[in-house]
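Before any comments, here is the structure.
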Amino acid sequence: MTAQILLLALAGLMLAAAWTDATRFLIPNWISGALIVLWIPAAFALGYGWTGAGLALLTGFAVLAAGLALWAPGWLGGGDVKLLAAGALWFGWPDAVAFLVWSMLAGGVLAVALVLARRIAPTIPQMAGRLTGTALAPGAPAPYGIAIAAGALIALPRSQIFMALGL
């Protein structure tokens, strides 16, 4: 029962990150922090063991290092990097690869959707004056937290942590 609640917390926090990124272009630090703190009891509840927990920590740090390399030139936001690393910590090795691939694919879909929507939205009279401060505004950042959350939710049912529940 504890493991199920913790996995629901993972899903809920990912959805909260997507929502705040979509509405404010910000992924609050408390979301990534809560994911990291909740991973500790989840590692016990899901039966990671020392090897599994060590690999999960190593995976999280590796994703953080790679994310910082993408953040430095401005290719990825700081909140996105922290959320990716916290998600990779939960998925561990090798499931973090699926999480990252699904997040990248969802990011591609998000980018195409934003490009199309940014071209169409100004032509709609009811929207033309309301684009400022939204993801549809020209030059607005892409709320990549949506793609990260989608990647987590798509990868979760096929992951080892989900299979540990016996579902």
Treating the angle as unsigned and between 0 and 90°, give the value, to the nearest 10°, between the Cα long axis of helix 78-91 and the longest Cα principal axis of the chain.
30 degrees
About its Cα centre, the chain carries a charge dipole, from +1 on Lys and Arg Cβ atoms and -1 on Asp and Glu Cβ atoms, whose size in debye to the nearest 20 is 360 debye
What spacing in nm lies between the two simple spin-label points modelled at Leu165 and Gln4, each 7 Å away from Cα in the Cβ direction?
0.8 nm
May I ask for the angle, rounded to the nearest 10°, between helix 29-45 and the longest principal axis of the chain, with both axes built from Cα atoms and the value confined to 0 to 90°?
30 degrees
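If you count, for each residue, the other Cβ atoms within 10 Å and average over each peptide, how do 39-52, 11-24, 80-93 line up from highest to lowest?
Working: 39-52: 16.1, 11-24: 18.1, 80-93: 25.2.
Highest-to-lowest ranking by the protection proxy: 80-93, 11-24, 39-52.
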Under Stokes-Einstein, with the Kirkwood radius over Cα pairs standing in for Rh, what whole-number D in µm²/s applies to the chain at 37 °C and 0.692 mPa s?
199 µm²/s
Over the range 1-116, what is the relative contact order in percent, taking alpha-carbon pairs closer than 8 angstrom and at least six residues apart?
24 percent
I'd like the carbon and sulfur percentage of the solvent accessible area for the range 13-70, probe radius 1.4 Å, heavy atoms only, ligands and nucleic acids excluded.
81 percent
What's the angle, to the nearest 10 degrees (0 to 90), between helix 145-155's Cα axis and the longest principal axis of the chain?
40 degrees
Taking a probe of 1.4 Å and leaving out DNA, RNA and ligands, the chain shows per residue an accessible area in Å² of 54 Å²
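The values are calculated or read from the model by the stated rules, or taken from the named source; none is laboratory data. Keep in mind the model is a prediction, meaning the values are calculated, not measured. Glycine also receives a Cβ, built like all others from the backbone with ideal geometry; neighbour counts cover every protein chain displayed. These accessible areas exclude ligands, DNA and RNA; they are computed on the full protein's heavy atoms, side chains included. Shrake-Rupley method; radii C 1.70, N 1.55, O 1.52, S 1.80 Å.
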